[in-house]
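Peer 1: Starting off with a structure, shown below.
The values are calculated or read from the model by the stated rules, or taken from the named source; none is laboratory data. Note that the structure is predicted; figures quoted are calculated from it, not measured. Cβ atoms come from the backbone with ideal geometry, glycine included; neighbour counts cover every protein chain shown.
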């Protein structure tokens, strides 16, 4: 029962957290739109929270986009707590039915016992010895029959409970394997989505810095004045144009390289999710074969299925000359990264050749 309550509390907490994130995203997006289309609201909002007028709408829009993206990316994850609550409810219902069936059985046994005692107490009321003997014989036979029936029913119930416990243990072991793989897929999906959001955020920051650089050059009155003076001001114009831009361009390049690192982590996470999903499919198919063989009492099929499940290889060993799609993709990515690293010094003008 405590496990059921903990699962229920965790599920409720998850729902509340999701609603809070949705509220934050909606409010941020609404305030951002109002800031873009209403200058009065922008002034009041910036004065109230002591924010920069130019940065406030972009920051609010960025928060809204990030939260909505996170919720969208997490929408495909399996609701493990909800499924756990459903399983616990089903188990609780089964236990209640079992308890009520046991009470009914106990009532039937008590009623039968009372009838036997009443029957035995009425045996002494017979006046004729023959009737007494016959009554005793009938009582003895009835008692032996009842004992035989109870013994047979007890043996059948014992076998049924033993078979049920064996099947429950088999299904529990199967569920534990599937739950472990499902939990790993959920964790990988969460980490991948976080890496994607970080990469997108850093990329957006780099693009904003690049846009602000272009806007600064376009709005510079000094550059406009030097451009209109003539040929003698060309050197000053180039100097005032290049010196502020070069550090910003290098900073943008560094930011984009940094974002590429997180986007690559996201891509690797997708490959790992695909791998674990394939493993989950293989395990589920083998466990289904084991359960079906157990239910149908197919000993030969059960033996083959268990052997196939136990021989599942976790550390694949490739022979010489063999390869896989994942290895070829890893080689291609490594070659691409190596070439990209070689190009960077040439772009920055540090290649001595």
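Peer 1: If I filter the range 32-47 for residues that are outside any helix (DSSP H, G or I) and touching a helix residue (DSSP H, G or I) at 6+ places or on another chain (Cβ under 8 Å), do I get at least one hit?
Peer 2: no
Peer 1: Would you be able to tell me the number of residues in the range 167-179 that are farther than 20 Å from residue 298 by Cα and surrounded by 12 or more Cβ atoms within 10 Å (Cβ to Cβ)?
Peer 2: Summing the residues that are farther than 20 Å from residue 298 by Cα and surrounded by 12 or more Cβ atoms within 10 Å (Cβ to Cβ) in the range 167-179 gives 4.
Peer 1: If only one of 16, 27 is loosely packed, with under 13 Cβ neighbours inside 10 Å and at pLDDT 80 or above, which one is it?
Peer 2: 16
Peer 1: A follow-up question, please. Taking the conditions exactly as written (at pLDDT 65 or above and either under 18 Å from residue 258 (Cβ atoms) or in contact with a strand residue (DSSP E or B) (Cβ under 8 Å, 6 or more places away or on another chain) (or both)), does residue 200 satisfy them or not?
Peer 2: The answer is yes for residue 200.
Peer 1: Looking at residue 289, is it assigned by the TED database to the domain that holds residue 200 and without any contact (Cβ under 8 Å) to a residue 40 or more places away in the chain?
Peer 2: yes
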